[in-house]
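Colleague: One structure follows; several queries about it will come next.
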Amino acid sequence: VQLVESGGGLVQAGGSLRLSCAHSARTFSSVAMGWFRQAPGKDREYVAVTTWDGGSTFYADSVKGRFTISRDNAKNTVYLQMNSLKPEDTATYYCNAAKRSGLGYTNLFNTWGPGTLVTVSS
């Protein structure tokens, strides 16, 4: 299981960032993929999920209309375009395979990449 996130940084509120997640094709190309985030002192939460072919996408209410998840299976990469960023979006962002859990999604595998830190200043 190989996952490497990148693209995080410091941005002002209202700004944009694009995160990338490079993954090992053998494990992840045929499964749903998701972005998750963990803010300091809080549990990791689901942000967005795309089906294996990118045909359907799902978002947490807190990011709906602002974030867009996509994937390029030819490049073994999943993206998260984040617009209109808010200070409450500050967190370390991770990608992983995803599965349904109640009304949302959770990680399919227990191994995580290093994540990428997003800091939004007010």
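Colleague: Extension gain Glu88-Asn110, at 0.36 nm per residue separation less the Cα-Cα distance, in nm?
Modeller: 5.4 nm
Colleague: If a/c stays under 1.5 just call it rounded; otherwise compare a/b with b/c (prolate if a/b is bigger, oblate if not). Do that for the chain, with a ≥ b ≥ c from the square roots of the Cα gyration tensor eigenvalues.
Modeller: Because a/c hits 1.5 or more and a/b exceeds b/c, the chain counts as prolate.
Colleague: Could you count how many Lys pairs in the chain have their Cα atoms under 23 Å apart, skipping same-chain pairs fewer than 8 positions apart?
Modeller: Value for the chain: 6.
Colleague: Which percent of the accessible heavy-atom area of the chain goes to carbon and sulfur, probe 1.4 angstrom?
Modeller: 48
Colleague: How many Å² of accessible area per residue for the chain, probe 1.4 Å?
Modeller: That works out to 51 Å² per residue.
Colleague: Another question, then. For the range 59-122, what is the relative contact order in percent, using Cα pairs closer than 8 Å and at least 6 residues apart in sequence?
Modeller: Relative contact order here is 29 percent.
Colleague: How many nm is it between the label spots at Leu103 and Gln38, if each spot is 7 Å from the Cα in line with the beta carbon?
Modeller: Reported label-point gap for Leu103 and Gln38 is 2.5 nm.
The values are calculated or read from the model by the stated rules, or taken from the named source; none is laboratory data. Everything quoted here is computed from the prediction, not taken from an experiment. A quick note on method: Cβ atoms are made from the backbone with ideal geometry, for glycine too, and the neighbour counts reach across all protein chains shown. What goes into the accessible areas is simple: the full protein's heavy atoms, side chains included, and nothing from ligands, DNA or RNA. Shrake-Rupley method; radii C 1.70, N 1.55, O 1.52, S 1.80 Å.
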